[in-house]
Structure formats: C-alpha cells, structure tokens
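These notes are about the structure you will find just below.
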Amino acid sequence: MVKREMRNMLVTGGCGFIGANFIHYILEEADFTGRIINVDKLTYAGNPDNLSGIEEKFKDRYVFVRADICDRETMEEIFDRYEVDSVCHFAAESHVDRSIVRPDSFIRTNVIGTFTLLEAARQRMERFRLFHHISTDEVYGTLGEDGFFTEETPYRPNSPYSASKAGSDHLVRAYHKTYGLPVTISNCSNNYGPYQFPEKLIPLIILSAVEGRPLPVYGDGRHIRDWLYVRDHCVAIWLIMKHGRTGETYNIGGNNEMQNIRVVELICDILDELRPRENGSYRDLITFVKDRPGHDRRYAIDASKIMSELRWRPEESFETGIRKTVEWYLDNQEWVRRVKSGEYLSWIKEHYGIDD
Ligand code: NAD
Ligand code: TYD
C-alpha cells in the first residue's frame with residue numbers, strides 16, 4: 001500500500017460543512033502531524049464558528065487565510081509562503097437549488113477555482129505530493145429503481161451544480177494524465193451531521209420543525225438519497241490521502257438509501273421523543289411542495305472499491321447518525337442562533353471587510 005507523508009496541507013473551503021468537520025477530525029483525532037492551511041472565501045456557506053477554538057488549540061499547526069481560490073496570484077503566494085505539498089479541495093458552491101436559480105458562481109468557483117489550484121500545484125510539481133479532490137455522486141446523474149454508481153459509471157450530470165463538479169473532476173483527471181500531477185478523487189453521496197448549513201434537507205427540516213414551521217418535501221417525496229455521516233466521510237478522505245492509489249477515483253457511500261419522506265418522518269419521530277410538541281406530532285408539519293426542476297430520482301453508491309482496497313467501513317447507520325445529528329442541533333443553540341440571525345456574517349464583515 002502507498003504511504004504518503006504530507007507536511008503542509010492546503011485545505012480549501014475549510015469553514016464549510018464537510019471542510020470544518022475534516023479539519024476537526026484531522027487535527028483532533030487522526031494521525032496527521034503536519035500543518036493545515038485553511039483557505040476560505042467565507043461566502044454565506046463559510047462560517048468561522050464551525051472551527052471555533054481550533055486556532056487557539058493548534059497555534060503552530062493551523063493557519064487561516066481568507067481568500068478566493070479563483071485568485072491566481074494569491075493562491076501562488078500561499079503555495080510558496082506555506083510550502084504547500086498537498087491539497088484537500090472542498091471549496092465549492094454546493095447547493096443544487098441555488099445553482100438552478102443562479103449558476104454563475106458555480107461555474108466560477110467549481111470550474112475556474114479548481115483549475116487555478118491545479119495550475120498552482122503543477123508549477124510546483126517537484127515538492128508536490130497530492131491533490132485530493134472532493135466530488136459528488138451527482139456527476140453520475142440519476143439511477144432507476146435498481147443498480148449502483150461505481151467508479152466506472154459514465155458521467156451524466158443533470159443540474160448546473162453537478163455539471164460544474166463534473167467539469168472540475170475532468171480537469172483533475174486531465175492534470176494527472178497530461179502532466180503527471182499526483183491526484184486522487186472521491187465521489188461521495190449526501191453527507192449529514194454537525195455544522196451543515198440549514199439550506200440542505202436534514203438541518204432545514206430539524207430547525208423548521210423546532211420552530212413549528214412547515215416541513216417542505218419536494219414532489220412526491222419518493223426521491224432517494226444514500227446518506228453518509230460526515231465523520232465517516234472524513235475518515236475515508238484521510239485514508240485515501242494517505243494510502244489511495246495515485247490517479248484513482250474512490251466512491252464513498254454509507255449504504256443508507258432512503259426516500260426523502262422517510263428521512264423527514266424519522267426526524268419528526270426523534271423530535272417527538274426528545275422535544276414533544278404541545279399538540280400533535282411534528283409529522284403534522286410535513287408539506288408537499290412543487291418539485292425541483294430536473295430532480296434526480298435516486299442516488300446509490302457502490303463503495304466496494306474503498307472498502308476492499310483501503311478497508312474503510314462507515315461506523316454510523318442512518319438511525320444512529322440521524323439521532324446524533326438531531327441531538328447536535330438541539331444542543332448547539334448558540335451556533336443555530338448565529339447562523340439563522342446572520343450574526344456570523346456580520347462578524348465576518350467586521351473582521352475581514354466586505355467581499356465582492
Ligand atoms: P459548503 O457549501 O458547506 O462549504 C463550501 C465552503 O467553500 C464554504 O466555506 C465557502 O465559504 C467556501 N468557498 C466557496 N467558494 C469559495 C471560493 N471561491 N474560494 C474559497 N472558498 C470558497 O459545502 P460542503 O457541503 O461542505 O461541501 C464540500 C465539498 O464536498 C464540495 O466540493 C461539495 O461539492 C462536495 N460534496 C458535498 C456533499 C454534501 O452532501 N454536502 C456531497 C458530495 C460532495
Ligand atoms: P439537498 O439536501 O438539497 O441535497 P441534494 O440536492 O444535493 O441531494 O436535498 C436532498 C433531497 O431532499 C433532494 O432529493 C431534494 C430534497 N429536498 C426536499 O424535499 N425539500 C427541501 O426543502 C430540500 C432543501 C431538499
């Protein structure tokens with residue numbers, strides 16, 4: 001098995017949902033001994049609260065730089081100043097619904113941003129160890145009732161988001177084939193867990209339910225996603241970075257296929273138990289709304305490659321992971337309050353000024 005040593009890892013989008021969970025994991029739990037350079041533009045989805053305490057706890061091993069990954073000069077400067085030898089690339093515009101309304105920033109950040117980082121790495125190939133690119137199963141399009149996405153499934157993206165991610169995956173692959181840049185790619189299913197911005201299904205449903213607001217379910221609610229607990233995903237990413245074969249793609253999934261309506265009902269049932277409503281069940285708040293255009297019907301991952309090659313296994317079932325997640329949102333009221341009130345954005349403006 002490969003054994004990569006990485007000293008100065010550039011993590012992009014480290015203040016977002018998965019990036020922040022990854023930084024917590026790699027500094028607090030994993031066997032990484034180097035330094036993390038977290039580069040994040042702090043868009044609406046980047047929340048410094050997700051990493052509160054990290055800077056003080058890891059003074060010599062953690063640096064934050066507010067920057068846009070599309071800014072070539074700044075990226076090159078960061079690569080040189082911090083002697084970056086590896087990249088774990090999370091930064092992206094990530095919400096399908098937003099990409100339908102306004103795709104511009106998706107093309108810019110996901111395609112041009114990835115290209116900019118690849119170029120900075122390519123120019124410094126002699127000391128560069130690995131570019132790990134985080135992608136999504138949505139690049140494969142939609143499944144019917146049977147079958148699973150494997151690493152060999154052809155790309156058929158259906159939304160501007162998934163098309164922009166597909167473009168970035170192709171660029172990463174091409175930089176390996178053409179220039180020999182050491183890369184790995186992972187395509188994972190829907191993540192859930194702590195610090196997820198409440199525009200995505202699971203935190204949106206938890207927080208709306210607690211406030212007694214309608215719980216919007218798109219279309220007939222029978223669309224299927226394959227849920228992956230975010231810590232299980234972080235463990236998989238670090239395994240790939242250390243031991244994954246250069247130039248390879250690994251699919252990561254939690255083997256937890258579920259219809260959206262069932263996800264929403266399960267959240268309601270857990271809340272009924274942990275925080276009962278005065279009148280009735282949280283299920284009474286479920287409201288079917290107009291479907292999303294181009295809504296993919298089913299995603300399901302075949303994760304046998306990473307399971308057999310790297311001996312990765314998800315620890316959480318959906319039942320255990322969703323309970324932990326609901327409890328996290330109930331227990332972290334201050335985080336929730338600052339996200340919902342936009343206070344975290346005012347803090348960013350005060351500290352870093354207004355971005356374009
Ligand atoms: P997120 O939206 O929570 O976070 C994205 C982060 O990137 C934010 O901190 C944001 O400020 C930063 N960012 C955005 N544009 C930037 C730019 N131009 N320069 C620098 N930073 C920028 O996203 P997430 O859910 O944590 O997803 C992380 C990665 O995982 C993405 O690449 C996404 O496509 C992929 N992914 C996510 C899921 C999921 O279920 N959340 C599933 C599969 C793949
Ligand atoms: P989402 O969390 O946006 O992730 P993705 O679109 O990347 O899969 O949505 C998950 C599923 O939940 C998807 O099938 C759309 C559906 N959905 C709803 O039914 N209601 C909602 O309010 C949202 C945000 C999503």
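Inter-part distance, the stretch 229-248 to the stretch 160-217, computed on C-alpha centroids, equals 16 Å. Computed 3J(HN,Hα) for the stretch 13-28, one whole-Hz value per residue from the Karplus formula 6.51 cos²θ - 1.76 cosθ + 1.60 where θ = phi - 60°, is x, x, 9, x, 4, 6, x, 5, 4, 5, 5, 4, 5, 6, 8, 8, glycine and proline marked x. Taking other Cβ atoms within 10 Å as a rough exposure proxy, ILE205, ILE37 sort from fewest to most as ILE37, ILE205. Among the chymotrypsin sites (Phe, Trp or Tyr not before Pro) within the stretch 1-100, those in coil by DSSP and having at most 16 neighbouring Cβ atoms inside 10 Å are TYR44, PHE58. Each of ASN256, PRO214, ILE267 was scored by the projection of its Cα onto the charge dipole of the stretch 209-273, and the greatest displacement toward the positive side belongs to ASN256; charges sit on the C-beta of Lys, Arg, Asp and Glu. Each 10 Å bin, from zero up to the one with the longest distance, holds this percent of the alpha carbon pairs of the chain: 5, 25, 36, 25, 8, 1, 0. The trypsin sites (Lys or Arg not before Pro) of the stretch 270-356 that meet both conditions, a loop assignment by DSSP and at most 11 other Cβ atoms within 10 Å of the site Cβ, are LYS290, ARG311. Net charge dipole, the chain: roughly 500 debye, given to the nearest 20, about the Cα centre with Cβ charges of +1 for Lys and Arg and -1 for Asp and Glu.
Toward the positive end of the charge dipole of the stretch 157-247, with +1 on the Cβ of Lys and Arg and -1 on the Cβ of Asp and Glu, the farthest Cα among ASN190, ASN158, GLY180 is that of GLY180. Each Cα pair under 8 Å and six or more residues apart adds its sequence gap; the mean of these over the residue count of the chain is a relative contact order of 18 percent. With r as the distance between the Cβ atoms of HIS351 and THR320 and R0 = 41 Å, compute the FRET efficiency 1/(1 + (r/R0)^6) and round to 0.05. Calculated transfer efficiency: 0.65. Spin-label model, THR246 to ARG127: label points 7 Å out along the Cα-to-beta-carbon direction sit 1.8 nm apart. Counting every alpha-carbon pair across the stretch 29-165, the share separated by more than 22 Å comes to 48%. In the stretch 186-303, the C-alpha radius of gyration followed by the widest Cα-Cα span (Dmax) gives 16.4, 56 angstrom.
Using the Cβ-Cβ distance between GLU73 and LYS3 with R0 set to 35 Å, the FRET efficiency works out to roughly 0.55. Whole-Hz Karplus values for the stretch 251-267 come out as 8, 10, x, x, 6, 10, 6, 7, 5, 4, 4, 5, 4, 5, 5, 4, 4 Hz, taken residue by residue from phi with 6.51 cos²θ - 1.76 cosθ + 1.60 and θ = phi - 60°; glycine and proline positions read x.
Looking at the stretch 214-356, the DSSP beta bridges with both ends there are about 40 percent antiparallel. Per-residue extension of 0.36 nm, minus the Cα-Cα distance of SER341 and ARG81, leaves a gain of 90.0 nm for this segment.
If R0 is 25 Å, what FRET efficiency do you get for ILE261 and ARG173 from their C-beta distance, rounded to 0.05?
0.10
Taking trypsin sites (Lys or Arg not before Pro) across the stretch 103-175, the ones in a DSSP loop with at most 16 further Cβ atoms lying within 10 angstrom of their Cβ are ARG124.
Pairs over the 27 Å Cα-Cα cut-off, from the set LYS57/LYS324; LYS41/LYS177; LYS290/LYS324; LYS59/LYS349; LYS200/LYS290: LYS41/LYS177; LYS290/LYS324. Look at where the Cα atoms of the stretch 58-133 and of the stretch 270-340 average out, and the two centres are 29 Å apart.
Structural descriptor for the stretch 188-250: relative contact order 45 percent, calculated from alpha carbon pairs under 8 angstrom and at least 6 residues apart.
Give me the dipole magnitude in Debye, nearest 20, for the stretch 235-338 about the Cα centre, with unit charges on the beta carbon: positive for Lys and Arg, negative for Asp and Glu.
Computed about the Cα centre, the dipole is about 400 debye.
Partners of LYS3 within straight-line reach, counting lysines whose Cα lies under 19 Å from its Cα and excluding those fewer than 8 residues away in the same chain: LYS242, LYS305.
A short reminder: the numbers here are calculations on the coordinates, not readings from a lab. Since we're looking at a predicted model, the values are computed, not measured. As a convention, Cβ positions derive from the backbone with ideal geometry for all residues, glycine included, and neighbour counts pool all protein chains shown.
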